[in-house]
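A.B. asks: Encoded as structure tokens, here's the structure I'll be asking about.
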Amino acid sequence: MIELDDAEGRDGAAGEYVLGTLGAEDHAAFEAVLGRDADLRARVGAWQDRLLPLTGRVSPVGPSPALWRRIEVSVGAVSRTPRRQPASPPWWNRLRLWQGLGAAGLAASLLMGALLLRQAVPEPAGARYLAVLQSPDQRSTGWVVELQAGRTLRLVPVGDVGSVPAGRAWQFWTKPEGAAGPTSLGLVRAGQTLELPVQRLPAVGARQLFEITLEPEAGSPTGRPTGPILYVGRTVAL
């Protein structure tokens with residue numbers, strides 16, 4: 001559940017709202033407060049200003065044919081039942097961040113932004129990070145890692161990752177920059193969000209590697225990745 005009682009919680013919730021990673025209930029609760037809370041709107045605007053420049057580094061992601069059909073059906077339904085429209089749409093519908101961007105497009109742009117980071121330095125307590133996990137050929141985006149020092153890690157599905165082959169498993173790994181090898185963070189399921197305490201991680205920092213590999217059903221028998229890499233990415237400091 002989102003926490004809006006302190007500055008840190010409000011800023012974190014605003015960031016997740018802009019990234020589109022809030023759950024359905026949290027998203028509804030956030031929007032219920034947003035319209036009457038000027039401070040929260042300012043925090044959302046600040047996150048949009050921070051992330052918007054990264055969207056120029058990738059091409060826009062067009063709607064799928066299935067989505068176009070749904071849009072056409074919706075437009076047809078609206079045209080048959082016309083109703084009065086407000087003179088000006090709400091402010092959040094006018095923001096450039098949402099023009100022509102899908103969740104995968106935003107995720108890919110954040111990954112490209114990671115290339116601009118300098119070499120990692122010691123991070124302050126409570127620092128927040130984001131990693132976008134893409135296929136090795138960077139043609140598809142499957143997951144987003146949200147990470148806050150001293151708190152939790154969330155692995156959130158953002159794309160169609162398919163299903164796990166019979167007799168196999170997807171295993172989640174991390175490797176801080178400069179570490180000798182990766183550390184397993186357990187198995188993951190398609191379409192499900194995974195939450196872990198950061199104490200499970202060997203370290204937390206910028207340019208930290210996260211990846212998902214295909215392994216035997218019970219996980220890697222060696223403590224190291226043995227199968228192909230399905231999704232991989234590095235953290236960006238937010």
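A.B. asks: Would you be able to tell me the number of residues in the stretch 127-143 that are of a type outside the set (S, T, N, Q) and either crowded, with 24+ Cβ neighbours inside 10 Å or closer than 18 Å to W173 by Cα (or both)? Spell out how you get there, then give the answer.
C.D. replies: The initial filter retains those residues of the stretch 127-143 that are of a type outside the set (S, T, N, Q), namely 127-133, 136-137, 139, 142-143.
Now drop any that are not either crowded, with 24+ Cβ neighbours inside 10 Å or closer than 18 Å to W173 by Cα (or both), which leaves 129-133, 136, 142-143.
Selection size over the stretch 127-143: 8.
A.B. asks: Please find, within the stretch 1-28, the residue that is most open to solvent (accessible area, probe 1.4 Å) out of those that are over 24 Å from W143 (Cα atoms) and assigned to a helix (DSSP H, G or I). Walk me through how you get there before you give the answer.
C.D. replies: Of the residues in the stretch 1-28, the ones over 24 Å from W143 (Cα atoms) are 4-8.
After this cut, where a residue has to be assigned to a helix (DSSP H, G or I) as well, the list is 7-8.
Working: A7: 60, E8: 87 Å².
Within the stretch 1-28, the match that is most open to solvent (accessible area, probe 1.4 Å) is E8.
A.B. asks: Taking the stretch 188-199 as the region of interest, how many residues are over 14 Å from E146 (Cα atoms) and in contact with a Leu (Cβ under 6 Å, 6 or more places away or on another chain)?
C.D. replies: 1
A.B. asks: Mind counting the residues in the stretch 191-238 that are within 19 Å of the chain's Cα centre (by Cα), farther than 10 Å from Q171 by Cα and of a type outside the set (A, V, I, L, M)?
C.D. replies: Residues meeting the conditions: 13.
A.B. asks: Another one. Identify, by number, the condition in (1) open to solvent by 40 Å² or more (accessible area, probe 1.4 Å); (2) closer than 23 Å to A149 by Cα that T226 doesn't meet.
C.D. replies: (2)
The values are calculated or read from the model by the stated rules, or taken from the named source; none is laboratory data. Source: prediction; values computed, not measured. Please note: Cβ atoms are built from the backbone with ideal geometry, for glycine as well, and neighbour counts cover all protein chains shown. The protein model used for the area step is the full one, side chains on, heavy atoms only, and it has no ligands, DNA or RNA in it. Shrake-Rupley method; radii C 1.70, N 1.55, O 1.52, S 1.80 Å.
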